[in-house]
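Please read the structure below before turning to the comments.
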Amino acid sequence: MSFEQLGLSTDLLRAISDQGYTKPTPIQEQAIPVILEGNDVMGGAQTGTGKTASFILPMLRRLETHANSSMSPAKHPIRALILVPTRELAMQVYVSVKTYGKYLTLRSTVIYGGVSIDAQIDTVRSGIEILVATPGRLLDHLQQKTLILSKVEILVLDEADRMLDMGFLPDIKQIIQLLPEQRQNLMFSATFSEEIKKLASKILRKPVLIEVAKQNSVSELITHVVYPVEPLKKKELLIYLIKQQELQQVLVFARTKQGADRLAQQLDRQGISSAAIHGDRNQLQRTQALENFKQGLIRVLVATDVAARGLDIEELTHVINFELPNNPEDYVHRIGRTGRAGTKGFAISLVGREENQLLIGIEKLLKTKVNIEEIKGFESINLQPHVLEKEKPIDAKKLKRNVASAHSKKMNLFVKQDEAVMRFNKEVTHKNTRRLEKTEDPLFTQPYVPKFSDVMLIKQDEMSKKSVHKRLSQSNRPLPALFIPPVISKQK
Ligand code: AMP
């Protein structure tokens, strides 16, 4: 299917073509027609699937009729409200609104906390049709009566699961009370907890369920490697990896804000330019760090889970988990920063003894075993359940050839997993493989949204009248999240 067949206007098609997209991703293919028909949608999609465009494009199409160049604020009431959990995601969604709406005269802005409210007040007072906001700052505005939401026609809750995790439910409830009854509601979530189902059943009306992801599926394009290491040697190993592999752009995850700060400073002192990004940094610092990272001015961005949510960095090849996350699902989100839209990625984890259970949890969730390797000088016997396999002798010539070819391609030395060559360099001594215990836990063995459909596909008989529902129930099963067709080269 092409974008032309989805019912978008020429102005939107031009903007899409400017981006170099030639074909819609699975979620775009399914969500765009449904949203254009005015339905409420519950989208099960992770970041990296093209979900942002899947709601922004039809939203812009529906609002196009209101586009006008009047100077009067009254002619530009807020017609679409997009709520997101973090400032970074807010910026990213706003940039998408601007990008796809570049040929339309619709006005938009973004508001989030951590920056002065005054400039935001001026912009919203001048009138805007599309507002991207984090819940807390939106409430600040509503309390100061700097904006009204009585004309909102479309409400989007993006990354709803994360908003609930972050405790935004009371804020969201308050905001929703200020919206008109008659409106279209679009909700996107990577996971479907009981809370999400409850929220969905309160907000959405006869929603169409669109599922493009198997929960916690990750791109096949990502290579996962675990390096067992004594906790005290983690920093040293990280520095070694970055220097040895000549990594120029790495996103490193730390568990705490203080840990992220400390690590960024330590890397910096070792000549690896780094910055930290987390909730205690003010907005200017966060934006600056992200911008510097994107432009290659710094090599390492050390992030906490919340701060990294929504980061979209083109062609990011390496994500390193300095510490594993407590929640296995966060591993999926973390590594979702790489291997995006068809590009290859490497997810490296430095795992200490006390993190073994976390690693087991991640493997259960991914339903795959993660390759374990050791590097001379950093060996550790701390991952007990791992079955060490006897290493084949290293073929020195083959290794040399791989090193040379990797360097010439400016790639790192990650080669096919089955080959008897090492991923790293001569100093790698072991290539260990751990067998994953078979899990019977239904949480990990059951499909993505089986129970959810009971709640969401309300009044199926009514829906079946609609052609759109027919389209959704066709045998053409959606692809898992992050399984996007190869990336399309963007026109400059
Ligand atoms: P998202 O899931 O919205 O975070 O999008 C992930 C990435 O995919 C972003 O960098 C988008 O620019 C890119 N993208 C979105 N739609 C398409 C498409 N149809 N073709 C290629 N890339 C896309």
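The values are calculated or read from the model by the stated rules, or taken from the named source; none is laboratory data. Quick caveat, the model's predicted, so the values are computed rather than measured. Cβ sites come from the backbone with ideal geometry, for glycine too, and all protein chains shown count toward neighbours.
Things worth noting here:
- Matching residues, region 294-306, being part of a helix (DSSP H, G or I) and closer than 26 Å to residue 326 by Cα: 305, 306
- Pair list, Cβ under 7 Å, 6 or more apart: region 37-51 residue closer than 18 Å to residue 196 by Cα, other residue within 16 Å of the ligand (Cβ to nearest atom) and charged (D, E, K, R): 43/51; 44/211; 45/51
- Residue 15 vs. criteria surrounded by fewer than 24 Cβ atoms within 10 Å (Cβ to Cβ), part of a helix (DSSP H, G or I), more than 16 Å from the ligand (Cβ to nearest atom) and at negative phi: no
- Some residue of region 254-261 being within 19 Å of residue 299 (Cβ to Cβ), buried (at least 21 other Cβ atoms within 10 Å of the Cβ) and touching a residue at least 60 places away in the same chain (Cβ under 8 Å): yes
- Count of residues meeting criterion [among the small types (Gly, Ala, Ser), surrounded by fewer than 22 Cβ atoms within 10 Å (Cβ to Cβ) and modelled with pLDDT under 70] in region 322-358: 2
- Identity of the residue in region 18-38, part of a loop (DSSP other than H, G, I, E, B) and either more than 11 Å from the ligand (Cβ to nearest atom) or among the aliphatic types (A, V, I, L, M) (or both), that ends up surrounded by the fewest Cβ atoms within 10 Å (Cβ to Cβ): 38
- Flag: residue 134 matches the condition of being β-branched (Val, Ile, Thr) and surrounded by 22 or more Cβ atoms within 10 Å (Cβ to Cβ).
- Count of region 74-105 residues which are free of Cβ contacts under 8 Å to residues at least 40 places away in the same chain and of a type in the set (A, V, I, L, M, F, W, C): 1
- The lone exception for residue 71 - which of (1) assigned to a helix (DSSP H, G or I); (2) without any contact (Cβ under 8 Å) to a residue 24 or more places away in the chain it fails: (1)
- Flag if residue 47 is in contact with a Pro (Cβ under 9 Å, 6 or more places away or on another chain), within 14 Å of the ligand (Cβ to nearest atom) and modelled with pLDDT under 95: no
- Residue match in region 304-321 (condition: modelled with pLDDT of 85 or more, under 20 Å from residue 162 (Cβ atoms) and more than 16 Å from the ligand (Cβ to nearest atom)): yes
- Listed by position, the helices (runs of 4 or more DSSP H) contained in region 106-174 that have at least 2 residues being out of contact with any strand residue (DSSP E or B) (no Cβ under 7 Å at 6 or more places or on another chain) and free of Cβ contacts under 8 Å to residues at least 12 places away in the same chain are 117-125.
- Every pair of residues 6+ apart whose Cβ atoms lie under 6 Å, when the first sits in region 195-208 and is at pLDDT 90 or above while the second is of a type in the set (S, T, N, Q): 203/185; 204/185; 208/39
- Residues that are within 13 Å of the ligand (Cβ to nearest atom) and surrounded by 14 or more Cβ atoms within 10 Å (Cβ to Cβ), drawn from region 1-12: 1, 3, 6, 8, 12
- Per the listing 81, 89, the residue uniquely surrounded by 21 or more Cβ atoms within 10 Å (Cβ to Cβ) and within 16 Å of the ligand (Cβ to nearest atom) is 89.
- In region 38-90, the residues that are among the basic types (Lys, Arg), under 23 Å from residue 136 (Cβ atoms) and over 20 Å from the mean Cα position of the chain (by Cα): 79
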